[in-house]
Amino acid sequence: MPLDLNFELATLGLLGVFLFAGRKKPLLPTRPNRRFAQLCLLVFALNLLEASIAFSAAHGGWLPLRRALLAAYCGAQPALFALALCYCAYSCRLPMPWLRRALRAAAVLTVPVCLLGLASPFAGFYCVLVPQKGVARGPLGWLPVAHSALLLAGCFAVLAARRRHLPRRRLMGLCAMAALLAAGHAAQALVMPGPLPFCVFALLALLAACLTGQNPDRYIHEGAGVFNHRALDELLQEYYHRDLPYRMVFLHTALPGDSRFVFNTDFELLVFSTAARRIRQAMPGACVFFLSRPRSFVVVSPAAPESVSASTERAVAELRGGWQLDGRQVALECTALLFDGRACASGLDEARILVENAFYLGDLPKAASGVLWASDDTLQQLHRLIRVHLAVRRAVLLNRISVAFQPIVDAAGRMCAVEALARLEDPELGQVSPEEFVGAAETSGAILKLGQTVYETVLRSMAQNRGLFERLDYVSVNLSPLQLGQPDLAPRYLELAAFYGVAPGRLAFEITESFHLAHDETLSRTLQRFHKAGARLFIDDFGEGHSNLARILDMPLAVVVKLERHVMAACLARDERLMGDLIGLVHDSGRGVVVEGVENELQFRRLAALGADWMQGFYFSRPLSLDALRDYAAAIYQLQ
């Protein structure tokens, strides 16, 4: 068998394996993905035509058949370069007006070249069949070369214009793809007759695009076997780029409360993988995504609301009804909240905030079917949440976070410390409560920058007002779980304290826990570093959320426990002996007690009598600006 034919068949086999492997993975229905699939199929078709032409030439095939095969090849090859331009334009999210112009220009340039290519083997435009020599260049042989060069130059122009909108790895992959296609066509033109080199370069171009961003494994959740958070973000970009309507379903799923299954086990992942399959079967045409953090599903569909409601009810019934898995009966607790995507989020940033927070909405009404469209109240709650998130993002970016100081007093009523509290005043929303913006900052990750800003502001204030702060035992600053997860947190914070000339012993770090805090080596090293430097460690908001007795045992380095205000109010309202027992429990563990939320003199005297070491609340003072704290301290110390 001739070498050319062997080479063609080997390349054809590799392309076949490439296509087969890609088809086994679910394909996200976006324009770049569709164009990439079309590119793969077109390269496969061109390679098949090359192999057929080589086989026909080797065995003296019928001349009209050879002409027909060559006509198909010459007509299809220009379309490959037009498709490559479309793929680059869609991948770069080219603005729609420019995208339409690029597609129109590609069509205008490509259609005449394709038609001439179809006629070339018969009329001799691009190439001429020579009985003894195979294929010779025709008088217009330069035209497809010029056409491909022009379209590939367009690819590079698009990539250069949108380089800031693409990850570096993805940009390099698209550039490599365009360069390999250009090299393939140049090699084909130089070695004419015979199209042998082109499909080798085309295969390499597809591999470059796949390995640097088009690889479907990047978009698949390893455990559940469906699309992941990255794929959801990619699909949302597609919908907002093309201004398409969509519906979004949040499926809250959980193993039953009395289940013996253990989280983070292989069997649990198998349960969710099977659940994902059942959701896909119940909701054909929709994209199913699994989010690890809330361990729940998001479904996005362009279908009409009535169709989405009906298919969601089928999916919820499937999950609630249960199924047999490895000899066990499995069922999931499931409720579904449905949104009109455009009504909830007018832009991509708002849609991302919606995805991050919709699973944490509280007090949602329940429906018997488990399926509920978002009510007006829920939509208002979501719109407020989105606006708060955007306000936090603006404030962190523009450094609009301010700091207030709330006094902490001892049992005698003497101010001995202050707590630094972040404050946010937005031009649109006005004063935003800490309960709103701190939660938004933690969910979005902005808490890292926000916490750094607050800490540096505190150090700067202490350095510039040494006479004020040296009268106090310490200034306490809050640390969130996300901050504590940073390996360099302790050395960085201690270096900043040294830079401002603030001794670590004059600082206290309150460990907050709005969600479960994993006690790993990073956390232990961070707390050890702060403790060795002399900084105090507090357990904040004891009695709220995940904060319980286990936290006292898990954090032996903490020297103070702060009792949450609702716990204090509830204990005093029922039986003050409960409060005394709680304070005694903390004292027995060798720690001091700060009680938050003291609002009147009666509470102050009762808590002092029960053994509270320090107290904090509006009875003593609201959080104060630095200037107001100076005045407050001057009045207090003058009276004392």
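List of remarks:
- The residues listed here are Gly590, Gly584; of these, the one that is out of contact with any Lys or Arg (no Cβ under 7 Å at 6 or more places or on another chain) and part of a loop (DSSP other than H, G, I, E, B) is Gly590.
- All helices (runs of 4 or more DSSP H) inside the range 411-489 with 2 or more residues being open to solvent by 50 Å² or more (accessible area, probe 1.4 Å) and not small (Gly, Ala, Ser): 434-444, 447-464
- Cβ-Cβ under 7 Å pairs, at least 6 apart or on other chains, the range 239-252 side open to solvent by 30 Å² or more (accessible area, probe 1.4 Å), far side among the aromatic types (Phe, Trp, Tyr) and assigned to a helix (DSSP H, G or I): His252/Phe359
- The residue list Val586, Val593, Val559 contains one member that is surrounded by fewer than 18 Cβ atoms within 10 Å (Cβ to Cβ), modelled with pLDDT of 85 or more and among the β-branched types (Val, Ile, Thr), which is Val559.
- Residue check: Arg293 meets all listed conditions (1) open to solvent by 20 Å² or more (accessible area, probe 1.4 Å); (2) at pLDDT below 90; (3) over 18 Å from Ala358 (Cβ atoms) but one, namely (3).
- Any hit, the range 104-126, residues being over 16 Å from Ile53 (Cβ atoms), touching a residue at least 24 places away in the same chain (Cβ under 8 Å), polar (S, T, N, Q) and in a helix (DSSP H, G or I): yes
- Residues (at pLDDT below 85 and among the charged types (D, E, K, R)) located in the range 334-376: Glu356, Asp363, Lys366, Asp376
- Residues located in the range 578-625, provided they are under 24 Å from Ala558 (Cα atoms) and among the hydroxyl-bearing types (Ser, Thr, Tyr): Ser589
- Top-ranked residue of the range 596-640 - restricted to ones that are polar (S, T, N, Q) and in a helix (DSSP H, G or I), ranked as least open to solvent (accessible area, probe 1.4 Å): Gln603
- Qualifying residue in the range 99-114 (condition: within 30 Å of Leu236 (Cα to Cα), among the small types (Gly, Ala, Ser) and out of contact with any Leu (no Cβ under 7 Å at 6 or more places or on another chain)): yes
- Residue satisfying all of: in the range 108-152; among the small types (Gly, Ala, Ser) and in contact with a His (Cβ under 9 Å, 6 or more places away or on another chain); farthest from Phe198 (Cα to Cα) among these: Ala149
- Test: Leu69 is under 33 Å from the mean Cα position of the chain (by Cα) and buried (at least 19 other Cβ atoms within 10 Å of the Cβ): no
- Summed over the range 127-158, the residues that are in contact with a helix residue (DSSP H, G or I) (Cβ under 8 Å, 6 or more places away or on another chain), more than 18 Å from Ala54 (Cα to Cα) and not β-branched (Val, Ile, Thr) give a count of 14.
The values are calculated or read from the model by the stated rules, or taken from the named source; none is laboratory data. These numbers were taken from a predicted model, which means no experiment stands behind them. Cβ atoms come from the backbone with ideal geometry, glycine included; neighbour counts cover every protein chain shown. Heavy atoms of the whole protein, side chains included, go into the accessibility calculation; ligands, DNA and RNA do not. Shrake-Rupley method; radii C 1.70, N 1.55, O 1.52, S 1.80 Å.
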